[in-house]
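Computed from the coordinates by the stated procedures, all read-outs in this text should not be read as laboratory data. Since the model is a prediction, treat every value here as computed from it, not as a measurement. So basically every Cβ, Gly included, is an ideal-geometry build from the backbone, and we count neighbours across all protein chains shown.
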Number of protein chains: 2
Amino acid sequence: MTNHGEVFQALRDHLHKTSLVSSAAELLGWDERTGMPPEGGEFRAEQVAYLSGLVHDMQTGPEIATWLDQLSDWSEADDPHSNIGATVRLVRKDYEKQKRLPKSLVEAIASATVRGQGCWDAARKADDYRQFQPALDEMISLQRQAGECLAEEGQTTYEALLDQYEPDAKADQLSSVFASLRGELVKLLDEIQGSARQVDETLLKKQYSVDGQWQISRNLAEAIGFDFNRGRLDETSHPFCTALGPSDCRILTRYDSSWLPGSIFGTLHEAGHGMYEQGLPQDWYGLPPGTYASLGIHESQSRLWENLVGRSAEFWQCFTPLMQETFGEKATPEQWHASFNRVTPSLIRVEADEATYNLHIIVRFELEQALIAGELSTDDLPGVWNERYESVIGVRPPSDADGVLQDVHWSAGLFGYFPTYTLGNLIGAQLYAAAEESLGDLSGMIARGEFQPLLDWLRKHVHAHGRKFSADELVQNATGAPLSAEPLVASLRERYSLVYDVKSPAVSSNATS
Amino acid sequence: MTNHGEVFQALRDHLHKTSLVSSAAELLGWDERTGMPPEGGEFRAEQVAYLSGLVHDMQTGPEIATWLDQLSDWSEADDPHSNIGATVRLVRKDYEKQKRLPKSLVEAIASATVRGQGCWDAARKADDYRQFQPALDEMISLQRQAGECLAEEGQTTYEALLDQYEPDAKADQLSSVFASLRGELVKLLDEIQGSARQVDETLLKKQYSVDGQWQISRNLAEAIGFDFNRGRLDETSHPFCTALGPSDCRILTRYDSSWLPGSIFGTLHEAGHGMYEQGLPQDWYGLPPGTYASLGIHESQSRLWENLVGRSAEFWQCFTPLMQETFGEKATPEQWHASFNRVTPSLIRVEADEATYNLHIIVRFELEQALIAGELSTDDLPGVWNERYESVIGVRPPSDADGVLQDVHWSAGLFGYFPTYTLGNLIGAQLYAAAEESLGDLSGMIARGEFQPLLDWLRKHVHAHGRKFSADELVQNATGAPLSAEPLVASLRERYSLVYDVKSPAVSSNATS
């Protein structure tokens, strides 16, 4: 008779060992981006490839199938949301997904990704979309094949791709929420552009010493709750967050002496990601109960701390003295708040403000679905891109370099990835609203620098659950409602009512009801 | 029929893959000592242990025995000093050594090492040798067993241990050279202590900013030839050097604002190690032709740059302007030189000056041989230690904490390791003398900041050969003579003749001939 407990322990040990190797590979990547000597790259690539190969072998070993088979009749795994049940269920899902992809396709995608990124990089520099088009065609075809292999019953090809980043997400549901968001954002943008009040960037473009920015960044990350005993903050050119172990989370930011928001909001954003990693159940590191739920949920944590907290009026009431002390800059809390919430439609997604950012994503989400479905050809893509930018955001790219070529994602095979950014914004605002309802005077707490209650609320309702619930389930359980655009729109209206005198959320909500 | 070339390539690929994993483990170690978050240690230990286990499995896999067997009749491997011949010969040596150690003994040593270091640390803090004695007894017994297993024909038990760090070294030969060195150093020390000229530490103990020390350290490392495109310099509490790949060598130093020599000579020392690693044949990284010859040879490179170059009068003629520019300190080259060559007998090895350092080593070398041979009991060790310090160095430890408990080595099972430090000093001086004879005006070059000719000479005579020759062979080939104490004594006399007015090397050499 099978000793289920022992079999489960063997599975768990195996996954833990896998995490020892995968986290070592993560360190190789972190080090590569924080200070590896210039000529170390070739050998580093070999190291990462070899360790990644080991991880892949461990994740797809036949012993996993045997263990899963032996556990199939274990009653302790019946509850899909218990630690044991979720582990068995999600390891099986991942394992079966891996097995459904032919090795030849995995290799073809890996190879096309390297070539695709190189080709995209050259094409963007040359502002020559046609140079990139064949690589894009190849990648779309490969991703379509992958989606067809991966699709479970009831999933479209695109949803199967989306599922890699946002498990169980439904394209229809996203389209519907995004459409509602789009309508509200376009209205909001009209009001802002028609406002008599305008904000400029003068305060943000002064010279602020890198040392001072480093101190502020560290202070803010520590203040909101990033644990420096279990993490660190470093500098890099493209900020990110990576967990190298259950008690070793690295966040990175960049400093530009003539663009202050880069380091401040970059740090708050990455600290939000990092605090999520730090809040996952440590004992289950590398297993589903100790893993993030989805990229959308991950992004909800970064956007919540960056925008809902970090761009609030109360946050700058709290930290204006620190800014004055560090930089000798005497701006008022209201001036900082207005500057950090300036809105201006622009061409480039990564530089976009909060009012327009999601419009950039919505354009991509619609276009990539059409590309995968074969309803849009790459011949027509740049033209359609430019039209959509003009109609949705009100700006027309003067070149493909600042248009369809601006993002690396598609060249790297990342179809289904973009919507997770907007999901993060939506979920972050919805969680924040629920936390506010539960905690009471959250604005007052922020003004007083008391962030622990909010973090505790997120720990309890999001972090503690790891991957045991889908994003949809987490949102429903934590907020009592399904995903909706309303909390994000309300929070933006509230902030912009202070800056641009737009209608406050209560009024807007009445107007649309 | 065996295709020897293909078999050799399989062996080479396997060792290369092994180096991919072992160097990833090295990065885990480097990171642990440069900034890992405080609570990351437990998981980090698991990562290192797991990767080290993988490396061990790869190094002892049965396929290696098969390949070696198939290569045993390959004529291309006949030359023991060719790339192929040395690879086959040394992989076989390492493999057979590994196989001679029973797994139970390896595990017992690993476990005793962890406990021994913990016990030593506590005993040293409590200044209580008796608390450490049982762990020391256990470690001596285990190391004796290991030495007995490892000993080849003609090797003593102690030599088998020494062979792990200094392949093919003979204890008798070392004893004889060390005895000659000891006699000369004692005479030299007498002369220095009787000299009318004395030097104090005032100049070194002023406050020098850490930023300035960082700049000087980086400048000096770059000036002597450490390649920052293939390496980097960081800060840590216990400086070291580690190669994370053929083009990624990390050196580390520490900064103390009230002890300038720590960073300067620490950096020159580690840069010497690093330039050796950077000079090893890159194509053979992780294989014998791309590996250092011995710890003694490694140390010869660090000591040569630290002492023969870095403590020379000419070096400070060259860099005094940089010191003035960086720190605003107006000391003359002669004052810097004298301060950096101050001699004063002391209790602690790691703080010792060059005239007395090797006496500390000689005491340890004699005692550890007696311990392994069973001729000295751990009961008597502290008393004998103190007597030897008094008779050899002229200082008597007032406590075991500053006496027999000062070094971690024995608690970590490192018997046969200490002599490599003095070997490094001897070989460094002997190589330097040979380079000077070959290059001509080496002192003039140093005074002008021209270090490339010396580095090129070392590249050609030492670095390029990797592990293809033993330390003895390298010294003989590079200098035309066997290992001798004379070059080190001569170089010390030359430097101290400037500082303490002792007899110059020519006079001394006549006197002893």
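Couple of notes before you dig in:
- Multiplying each eigenvalue of the alpha-carbon gyration tensor of region A:169-223 by 5 and taking the square root yields semi-axes of 36, 23, 8 Å, largest first, rounded to whole angstroms.
- Region B:4-151 - convex hull of alpha carbons, volume per residue in Å³: 148
- Candidate lysines - alpha carbon under 25 Å from A:Lys206, same-chain residues fewer than 8 apart omitted: A:Lys330
- Put simply, region A:440-497 fits an ellipsoid with semi-axes of 23, 18, 8 Å; these come from the alpha carbon gyration tensor as the roots of five times its eigenvalues, largest first.
- Whole-Å semi-axes of region A:382-477's equivalent ellipsoid (Cα gyration tensor): 37, 18, 12
- When the charge dipole of region B:169-513 is built from unit charges on Cβ atoms (+1 for Lys and Arg, -1 for Asp and Glu) and taken about the Cα centre, the candidate among B:Ser497, B:Gly440, B:Ser258 whose Cα reaches farthest toward its positive end is B:Gly440.
- A P(r) calculated from all alpha carbon pairs of region B:1-55, with 5 Å bins opening at zero, reads 5, 18, 21, 15, 12, 8, 8, 6, 4, 2, 1, 0 percent.
- When the C-alpha to C-alpha distance is required to be over 19 Å, the pairs from A:Lys93/A:Lys468; A:Lys187/A:Lys503; B:Lys93/B:Lys468; A:Lys205/A:Lys503; A:Lys93/A:Lys460 that qualify are A:Lys205/A:Lys503; A:Lys93/A:Lys460.
- For A:Asp137, inter-copy separations between label points set 7 Å beyond Cα along the Cβ vector come to 8.2 nm, shortest first.
- q = 0.10 Å⁻¹: log10 I(q)/I(0) that the Debye formula gives for chain A, counting C-alpha atoms only: -0.85
- Debye intensity ratio I(q)/I(0), log10, region B:265-315, q values 0.13, 0.14, 0.23 Å⁻¹ (C-alpha model): -0.33, -0.37, -0.78
- In this structure, the amide hydrogen of A:Thr253, modeled 1.01 Å from its nitrogen in the peptide plane, lies closer than 5 angstrom to those of A:Asp234, A:Glu235, A:Thr236, counting only residues at least 5 positions away or on a different chain.
- Charge-dipole axis of chain B as Lys and Arg at +1 and Asp and Glu at -1 on Cβ define it, positive-most pick from B:Ala171, B:Pro382, B:Val106: B:Pro382
- Computed over region A:120-168, the ratio Rg/Rh where both radii use C-alpha atoms and Rh is Kirkwood: 1.17
- Distance between modelled label sites at A:Glu107 and B:Asn3, nm, 7 Å Cα→Cβ extension: 1.9
- Shape metrics for region B:90-189, restricted to C-alpha atoms - Rg then Dmax, Å: 17.1, 48
- Residue-averaged beta-carbon neighbours from other chains (10 angstrom radius) around B:244-251: 6
- Legend: ranking of residues B:Thr202, B:Thr422, A:Thr479, A:Thr326 from fewest to most surrounding C-beta atoms inside 10 Å; resulting order B:Thr202, A:Thr326, A:Thr479, B:Thr422.
- Translational D in µm²/s for region A:257-341 (Stokes-Einstein at 25 °C, 0.890 mPa s, Kirkwood Rh from C-alpha pairs): 171
- Convex hull of Cα atoms in the protein assembly as shown, direction-averaged projection (nm²): 48.0
- Ordering B:Ser504, A:Ser22, A:Ser294 from the fewest to the most neighbouring beta carbons within 10 Å gives B:Ser504, A:Ser22, A:Ser294.
- Virtual paramagnetic centre 7 Å along Cα→Cβ of A:Glu387, amide N under 13 Å, in region A:340-368: A:367
- The tail of the calculated P(r) for region B:137-270, taken as Cα-Cα distances beyond 19 Å, holds 70 percent of the pairs.
- Among A:Glu6, B:Glu235, the order by Cβ neighbours within 10 angstrom, fewest to most, reads A:Glu6, B:Glu235.
- More than 16 Å apart - percent of Cα-Cα pairs taken over region B:329-369: 48
- Shielding of peptide B:31-39 by partners, expressed as the average count of other chain Cβ atoms within 10 Å per residue Cβ, is 5.
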